[in-house]
Each structure stands twice: as structure tokens, then as C-alpha cells.
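Everything on this sheet refers to the single structure shown next.
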Amino acid sequence: GNTVRIDFRRLDAMLEVLGEGLIQHSLLVELYRRLSRKVGACPELEELDQSVLSLQKTLTRLESTLMETRLLPVSTVLSRFPRLVRDVAYAEGKKVRLEVSGGDTALDKAVLDRLGEPLLHLVSNAVAHGLERPEERTRSGKPAEGLIRLRAAAVSGRVTIRVSDDGRGLDEDAIRAKAEALGLDVRTADTAQLYNLVFVSGQ
């Protein structure tokens with residue numbers, strides 16, 4: 001196939017060089033403006049204006065191409081979650097099914113690298129704290145097997161990744177108790193502020 005493997009550090013270096021080129025272009029535009037004010041209209045300055053504009057378009061195309069080169073499918077991160085869910089569910093004595101969709105949604109590799117840990121935290125929490133044990137689910141009329149959904153989608157130029165489960169929902173009293181045990185002052189915290197604590201790594 002028409003594929004070339006390349007160390008991602010080289011793409012980072014190319015992005016850095018492009019950044020330097022964009023800075024130099026800005027300096028060139030400023031110099032052109034100063035020269036134009038000093039000299040006035042002349043054919044050479046008109047040509048320079050066209051060249052500067054053409055250079056800007058070329059740099060913009062280069063930036064777009066380079067950013068596309070850095071894109072990877074979200075599945076490169078999401079593919080590790082079935083094993084995680086299986087392991088955590090086994091340790092917690094729960095039955096869990098994982099549904100993953102939108103794995104072909106593209107994201108910059110640098111962003112993907114940072115997403116792994118927060119998503120790991122959310123999914124682990126969903127299994128350990130969001131989903132009930134099979135017997136409790138059966139008593140409340142639910143299937144014994146819990147469901148976790150991981151959905152990635154591109155929306156208006158942004159990528160959203162949703163983690164959801166069909167468990168009992170967040171236990172406000174349990175979150176408040178855990179926060180107080182960790183020494184946090186949550187006496188005046190409202191529900192939304194308490195719920196935000198579940199996103200703190202290690203909590």
C-alpha cells in the first residue's frame with residue numbers, strides 16, 4: 001500500500017518548523033506594511049504583496065496537511081477498554097457488556113495520548129461504582145448484565161466522547177462522605193459541584 005511509517009517526533013518537529021515559518025511570515029507582512037507606508041504605491045510593492053499573500057496560502061495548506069497527517073482514529077485508545085472492563089468487572093463480581101461506537105472518529109495523536117488516562121478513570125468508575133451487582137440489578141427489574149457505552153463523534157468541528165452506563169446513577173451522599181474523608185470542605189457544595197468530584201483522578 002501507499003503507507004509510510006514515521007516517528008511521531010518527526011511530525012512534532014515539522015509542526016515546530018511550520019510555527020517558525022508562520023512567525024517569519026508575520027514579520028514579512030509587517031515589513032511590507034512599513035515599506036508600503038514609506039515608499040507608496042509602486043509595481044514592485046504590488047508584486048511583493050501578491051507574493052506575501054501566496055506564501056500565506058501555501059503555509060495555510062501546509063498546516064492543514066500536516067494536521068491531517070497527525071490524526072489517528074479514536075479506536076487506537078478505545079481498543080484497550082474491553083480488556084479493562086472485563087478485568088474490573090471480574091474483580092468487582094459484576095457482569096458487564098461494553099458497547100463502543102465511533103472508533104473511526106479522528107483526533108490529533110497528542111490529544112489521544114492525553115485522553116487515555118481520564119477515560120480509563122471514567123470507565124473504571126462506571127464499572128466499580130455506577131453499575132450494581134447482578135443480584136441487585138435483578139431485584140430492581142434490570143438485566144443482570146450491566147451496560148457501558150463509549151461513544152465518540154465529531155460534532156461541529158469538535159470531537160465528543162461520551163461514557164454512559166445503565167446503573168443506579170451517582171450517589172450524592174457517598175460522594176460527599178468520600179470527599180470529607182479526603183479532607184475536602186464540601187459543606188456548601190451543590191449537587192453539580194459534588195458530581196464534578198468524580199472526574200478528579202484518584203478519587
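The values are calculated or read from the model by the stated rules, or taken from the named source; none is laboratory data. Here the structure is a predicted model, which is why all the values come from computation and not from measurement. Here Cβ is always computed from backbone atoms with ideal geometry, including for glycine, and neighbour counts include all displayed protein chains. Only protein heavy atoms, including side chains, enter the accessible area calculation; ligands, DNA and RNA are left aside. Shrake-Rupley method; radii C 1.70, N 1.55, O 1.52, S 1.80 Å.
For segment 142-181 and segment 1-64, what is the centre-to-centre distance using only Cα atoms, to the nearest Å?
45
On C-alpha positions alone, give me the angle between the axis of helix 109-125 and the longest principal axis of the chain, in degrees, nearest 10.
Between helix and principal axis, roughly 10 degrees.
Straight-line reach from residue 142: which lysines fall under 16 Å, measuring Cα to Cα and dropping same-chain residues less than 8 apart?
Qualifying lysines at Cα under 16 Å: 94, 95.
By how many degrees, 0 to 90 and rounded to 10, does the Cα axis of helix 43-69 deviate from the longest principal axis of the chain?
For helix 43-69, the angle is close to 20 degrees.
If you count only protein heavy atoms with a 1.4 Å probe, what accessible area per residue comes out for segment 70-203, rounded to a whole Å²?
Here the per-residue accessible area is 62 Å².
Taking K and R as +1 and D and E as -1, what net charge do the other residues with C-beta under 13 Å from the C-beta of residue 15 add up to?
-2
Report, in degrees rounded to the nearest 10, the 0 to 90 angle that the Cα long axis of helix 81-92 makes with the longest principal axis of the chain.
Roughly 30 degrees, rounded to the nearest 10.
Which value in deg cm²/dmol, rounded to the nearest 500, describes the helix-derived mean residue ellipticity at 222 nm for the chain, given -39,500 (n - 2.57) per DSSP H run of n ≥ 4 and division by the residue count?
My calculation for the chain gives -18000 deg cm²/dmol from helical runs alone.
Under 1.5 on a/c is rounded, so check that first for segment 134-203, then, if it is not, pick prolate when a/b is larger than b/c and oblate when it is not; a ≥ b ≥ c are the square roots of the alpha carbon gyration tensor eigenvalues.
oblate
Kindly state, as a whole number, the per residue volume in cubic angstrom of the convex hull around the alpha carbon atoms of segment 30-189.
Values: hull volume 32.1 nm³, N = 160.
Dividing the Cα hull volume of segment 30-189 by its residue count gives 200 Å³.
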